[in-house]
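Notes follow once the structure below has been shown.
The values are calculated or read from the model by the stated rules, or taken from the named source; none is laboratory data. The structure displayed is predicted, hence computed values, not measured ones. With ideal geometry, Cβ positions are generated from the backbone for all residues, glycine too; neighbour counts draw on all protein chains shown. What goes into the accessible areas is simple: the full protein's heavy atoms, side chains included, and nothing from ligands, DNA or RNA. Shrake-Rupley method; radii C 1.70, N 1.55, O 1.52, S 1.80 Å.
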Amino acid sequence: QTSITTDANNNPLIASYWKDSSDQAPQYKVIHFDGEEWKTYSLDFRSLKFSLSGVGTKAIPIARPQLVCSPNGTVHLIFRDAERSSKVSVASSHIGNLDNWTVEDLTVEGYKSWEPSYDPVIWKKNQKLHLFLQNTIQVDGEGISNSPPTAIKVLEWTPKK
């Protein structure tokens with residue numbers, strides 16, 4: 001699963017995850033076209049292995065990432081990872097140095113199977129993330145969860161300049 005945005009020069013940035021032969025575990029990756037060539041950057045902070053093989057929908061320990069880029073060239077990858085107690089997290093880097101990422105948790109509590117969803121209009125207008133949060137449970141192989149309803153929240157986050 002992928003997410004796509006553009007940098008200040010309208011060059012595409014794509015986020016996904018996969019495991020290269022040199023990776024210990026699946027890693028988030030950012031692919032960027034810098035105007036001349038495509039480059040792939042691996043965030044390389046994950047160590048928990050998982051597989052998507054088998055039948056039906058898989059309950060996996062990470063979320064499909066969302067990707068945004070601010071006008072100043074800061075790239076933010078929003079995700080959830082069981083290795084970080086399923087907290088809402090963001091990895092940030094600058095377009096000129098996508099080999100170097102810092103990771104920050106935006107919540108104290110975890111959000112089990114949450115997938116990032118944000119308001120793109122507010123991001124574009126104000127460079128503020130308004131993330132839709134709801135604690136959800138994904139069961140392997142099209143299973144049914146007997147979990148009670150959970151509250152929804154909107155997390156507002158403004159990146160540091």
| Here are some residues: Glu115, Glu104, Glu109. Which one is closer than 21 Å to Ala151 by Cβ, out of contact with any Asp or Glu (no Cβ under 8 Å at 6 or more places or on another chain), of a type outside the set (Val, Ile, Thr) and open to solvent by less than 70 Å² (accessible area, probe 1.4 Å)? | Glu115
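Quick one: is Trp123 part of a helix (DSSP H, G or I) and touching a Leu at 6+ places or on another chain (Cβ under 8 Å)?
Values: part of a helix (DSSP H, G or I): yes; touching a Leu at 6+ places or on another chain (Cβ under 8 Å): yes.
For Trp123, the condition - part of a helix (DSSP H, G or I) and touching a Leu at 6+ places or on another chain (Cβ under 8 Å) - is met.
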| request: Among residues belonging to the range 8-40 that are in contact (Cβ under 8 Å) with a residue 60 or more places away in the chain and in a strand (DSSP E or B), point out the one that is nearest to Gly96 (Cα to Cα). | output: His32
| request: Give the residues of the range 88-101 that are in a strand (DSSP E or B) and surrounded by 19 or more Cβ atoms within 10 Å (Cβ to Cβ), sorted by residue number. | output: Val88, Ser89, Val90, Ala91, Ser93
| message | Please go through (1) part of a strand (DSSP E or B); (2) out of contact with any strand residue (DSSP E or B) (no Cβ under 6 Å at 6 or more places or on another chain); (3) of a type in the set (Asp, Glu) for Glu83 and return the number of the only condition it doesn't satisfy. | response | (1)
| query | Here are some conditions: (1) more than 20 Å from Thr2 (Cβ to Cβ); (2) in contact with a strand residue (DSSP E or B) (Cβ under 8 Å, 6 or more places away or on another chain); (3) surrounded by 16 or more Cβ atoms within 10 Å (Cβ to Cβ). Val75 meets all but one. Which one does it not meet? | reply | (1)
| task | For Gly54, work out the one condition from (1) in contact with a helix residue (DSSP H, G or I) (Cβ under 8 Å, 6 or more places away or on another chain); (2) open to solvent by 70 Å² or more (accessible area, probe 1.4 Å) it doesn't fulfil. | result | (2)
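If you go through the range 78-87 one residue at a time, how many are open to solvent by less than 10 Å² (accessible area, probe 1.4 Å), in contact with a Lys or Arg (Cβ under 9 Å, 6 or more places away or on another chain) and closer than 14 Å to Leu133 by Cα?
2
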